[in-house]
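Below is one structure; the comments refer to it alone.
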Amino acid sequence: MDKFDRIHLLHRCLQQARYPVAATTLMERLECSRATLSRLIGYMRDFLGAPIESDHQRGGYRYAEDAQDRYELPGLWFSPAELFALVSIRQLLKGLQPSLLEVELAPLGKRIDALLAREQFGSGEAARRVRVLAMAGRPVPIPTFQRVSEAVLARRRLEFTYRGRGDDDETERSVCPQRLTRYRDNWYLDAWCHKREGLRTFALERIREPHLLPQPATELDDHLLDAHYAESYGIFAGPARQRALLRFSPHRARWVADETWHPEQRGRLLPDGAYELEIPYGRPDELILDVLRYGPDVEVLAPDELRHQIAERLRRAVAIYAGN
């Protein structure tokens, strides 16, 4: 434990104590000698303005009663765990999409970078030790993100042209925005679509010429939204209508057993080392793609329709390489 870790822990011990803390207790908590404890207390008093009082009768220390609940370490002072959380947040902000939130987040980013560059944090060493990798993200035009996010927060109806990914056809949509969702490194709008008269999910990069309408957006209950969007598998799934039963080979069992595919999943390890996973789903599109990435290490046991769809995809894949 280094000096800054001990200062942070000493501050927490004194801040939470209602009675003087014995020096021996502090030495044990800080894993240090009496001389080191004395130096730390002197440093906090002289350089950090800590209102530490000595209790000679009890041989302990405490913060002054009138300052105990108000004193904080000056500036921003973090434990190692808090520091890595801060670095992770910084990396996540950078990875959302270059320039997407640049104007709004630039001042905050500069303050975090300046903080991480301080000697306390190893002169920028911490930032080199955390990586947050994004992949398969699709860029969203900045004006589109700004208009959509404004509609969501202002609770206003939104109109736009939407180009469907499946057929590339363009349709005019008028929607009541409900939520912005970040899913697998891409942005989506959850909204009530007046054209389809139902809840739909729109990929932001497929939205063209969005503009706000003067009418307020209809508010839908959170329970209704969760029942539609969180009940079954994937971002476009809708309500769960079926349950898929997957069997993973012993080779992949321990990997999959640690994964969360869905909050309502059920899984069990089998005597032969394989792993069975049962998950609810509506539309099978996204589930099929995720199953296929495990190749020969997974088998769809039920339902038969999903099993046949997977088998057909695999036959077509094999046909591509059959001539090689």
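Being in a strand (DSSP E or B), assigned by TED's automatic domain parsing to the domain that holds Leu180 and hydrophobic (A, V, I, L, M, F, W, C) narrows it down to one of Leu277, Leu213, so name that one. So that I can check it myself, show each step before the final result.
Values: Leu277 fails: assigned by TED's automatic domain parsing to the domain that holds Leu180.
Step by step, each of Leu277, Leu213 is checked, and only Leu213 is in a strand (DSSP E or B), assigned by TED's automatic domain parsing to the domain that holds Leu180 and hydrophobic (A, V, I, L, M, F, W, C).
Looking at (1) within 25 Å of Gly234 (Cβ to Cβ); (2) part of a helix (DSSP H, G or I); (3) in contact with a Leu (Cβ under 9 Å, 6 or more places away or on another chain), which is the only condition Glu150 fails?
Condition (1) is where Glu150 drops out.
If you go through segment 16-41, how many residues are loosely packed, with under 12 Cβ neighbours inside 10 Å and within 15 Å of Phe4 (Cα to Cα)?
First, pick out the residues of segment 16-41 that are loosely packed, with under 12 Cβ neighbours inside 10 Å: 16, 18-19, 28, 31, 33-35.
Narrowing the set further to residues that are within 15 Å of Phe4 (Cα to Cα) leaves 31.
Residues that pass the stated criteria total 1.
Across segment 204-231, what is the number of residues that are out of contact with any Leu (no Cβ under 8 Å at 6 or more places or on another chain), within 18 Å of Ser149 (Cα to Cα) and of a type outside the set (Asp, Glu)?
6
Of everything in segment 54-66, what is surrounded by fewer than 16 Cβ atoms within 10 Å (Cβ to Cβ), of a type outside the set (S, T, N, Q) and closer than 21 Å to Thr25 by Cβ? Give them in sequence order.
Residues of segment 54-66 surrounded by fewer than 16 Cβ atoms within 10 Å (Cβ to Cβ): 54-59, 64-66.
Okay, now just the ones that are also of a type outside the set (S, T, N, Q), so 55-56, 58-59, 64-66.
Within segment 54-66, Asp55, His56, Arg58, Gly59, Ala64, Glu65 meet the criteria.
Might you let me know whether segment 5-15 holds any residue that is modelled with pLDDT of 80 or more and assigned to a loop (DSSP other than H, G, I, E, B)? Outline the logic, then answer.
At the first step, the residues of segment 5-15 found to be modelled with pLDDT of 80 or more are 6-15.
Narrowing further to those that are assigned to a loop (DSSP other than H, G, I, E, B): none.
No, that holds for no residue.
For segment 151-189, which positions are surrounded by fewer than 17 Cβ atoms within 10 Å (Cβ to Cβ), over 22 Å from the mean Cα position of the chain (by Cα) and not basic (Lys, Arg)?
Ala154, Glu159, Thr161, Gly164, Gly166, Asp167, Asp168, Asp169, Glu170, Thr171, Glu172, Ser174
Please tell me if Leu224 is modelled with pLDDT under 90 and either aliphatic (A, V, I, L, M) or surrounded by 14 or more Cβ atoms within 10 Å (Cβ to Cβ) (or both). Explain how you work it out, then say what you get.
On the way: modelled with pLDDT under 90: yes; either aliphatic (A, V, I, L, M) or surrounded by 14 or more Cβ atoms within 10 Å (Cβ to Cβ) (or both): yes.
In short, yes.
Restricting attention to segment 226-274, report how many residues are assigned to a loop (DSSP other than H, G, I, E, B), hydrophobic (A, V, I, L, M, F, W, C) and free of Cβ contacts under 8 Å to residues at least 40 places away in the same chain.
Here is the first cut: in segment 226-274, the residues assigned to a loop (DSSP other than H, G, I, E, B) are 230-241, 249, 258-265, 270-274.
Filter once more, so that each one left must be hydrophobic (A, V, I, L, M, F, W, C): 230, 235-237, 240, 261, 270, 274.
Remaining after also requiring free of Cβ contacts under 8 Å to residues at least 40 places away in the same chain: 230, 261, 270, 274.
Count: 4.
The values are calculated or read from the model by the stated rules, or taken from the named source; none is laboratory data. Note that the coordinates shown come from a computational prediction; the quantities given were computed from them, not determined experimentally. Every residue, glycine among them, receives a Cβ derived from its backbone with ideal geometry; neighbour counts consider all protein chains shown.
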